[in-house]
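Reading through the structure tokens given below for one structure.
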Amino acid sequence: MASGKTSGHWSMGLLASMDDPELKVTADEKVVVIKDKYPKAKFHFLILPKEKIPNLNSLKPSHLDLLRHIHKKGEEIAGKANKELKFRFGYHAVPSMSHLHMHVISQDFDSPCLKNKKHWNSFTTSYFVDSSEIIRQLEKKGRVEQDGQRANEMLKQDLRCHVCNKAFTTMPSLKAHIVFHNVTKSAGS
Ligand code: AMP
Ligand code: ZN
């Protein structure tokens, strides 16, 4: 389904990137893995199903196997990228880009593209919903519900370190702080 991407609207950009050799990492019969074009950490990938699924609201119980496959692929990609760093796998409650995509992101958040409070809070508050939580919701309720208004409030929250919860007033001070955290799996952070 990644063909015929003629729409120029920026929110459709992921569809074009699925075929971009600069960004495409790997693919199988069900998914395409790409590098996030504006990575917010040392390692930041997006996993997209080939099936046309616009967003979390479109998910049905018949998608459970696909979601489990996407999660497993995330673990595989993370393990190949870096065995030491801690990663999270999840979805933005209110995504800006069309076509369902799971983020695979290392928890160092060491990237020049991570610039503002919205970026930070979208990966470190409950605006970022773990893949396992999405799967659980779909198993339990047969659908995935997100409170968009509540999620958008998350983006406005004060800046806090995702490891020790210390508060910061500016992104540069927060970014200077987080480099001292050892966000490896063994550190348990
Ligand atoms: P969201 O829709 O909020 O889950 O996030 C979309 C993600 O896609 C962000 O992390 C962006 O950096 C990334 N992104 C935006 N445009 C592109 C693109 N054309 N190709 C690849 N990644 C993109
Ligand atoms: Zn801290």
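The values are calculated or read from the model by the stated rules, or taken from the named source; none is laboratory data. In this text the structure is predicted, and so the values were computed from the model without any measurement. We place every Cβ from the backbone using ideal geometry, glycine too, and count neighbours over all the protein chains shown.
List of remarks:
- Test: residue in the stretch 134-155 that is assigned to a loop (DSSP other than H, G, I, E, B) and within 16 Å of ligand 2 (Cβ to nearest atom): no
- Boolean, Lys35 is closer than 21 Å to Asp110 by Cβ and away from ligand 2 (no atom under 16 Å from the Cβ): yes
- Taken over the stretch 16-35, residues that are in a loop (DSSP other than H, G, I, E, B) and surrounded by fewer than 21 Cβ atoms within 10 Å (Cβ to Cβ) amount to 8.
Residue-by-condition table, conditions (1) buried (at least 20 other Cβ atoms within 10 Å of the Cβ); (2) of a type in the set (A, V, I, L, M); (3) touching a residue at least 40 places away in the same chain (Cβ under 8 Å):
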{"position": "Leu46", "(1), (2), (3)": "yes, yes, yes"}
{"position": "Pro49", "(1), (2), (3)": "no, no, yes"}
{"position": "Lys52", "(1), (2), (3)": "no, no, yes"}
{"position": "Gly74", "(1), (2), (3)": "yes, no, yes"}
{"position": "Glu84", "(1), (2), (3)": "no, no, yes"}
{"position": "Phe87", "(1), (2), (3)": "yes, no, yes"}
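- Within the stretch 159-189, restricting attention to residues that are within 21 Å of the chain's Cα centre (by Cα) and of a type in the set (D, E, K, R), the residue that is farthest from ligand 1 (Cβ to nearest atom) is Lys185.
- Taking every residue in the stretch 115-130 that is away from ligand 1 (no atom under 12 Å from the Cβ) and of a type in the set (Ser, Thr, Tyr) and pairing it with any residue that is assigned to a loop (DSSP other than H, G, I, E, B) and modelled with pLDDT of 95 or more, at least 6 positions away or on another chain, the pairs with Cβ-Cβ distances below 6 Å are Thr124/His162; Thr125/Gln157.
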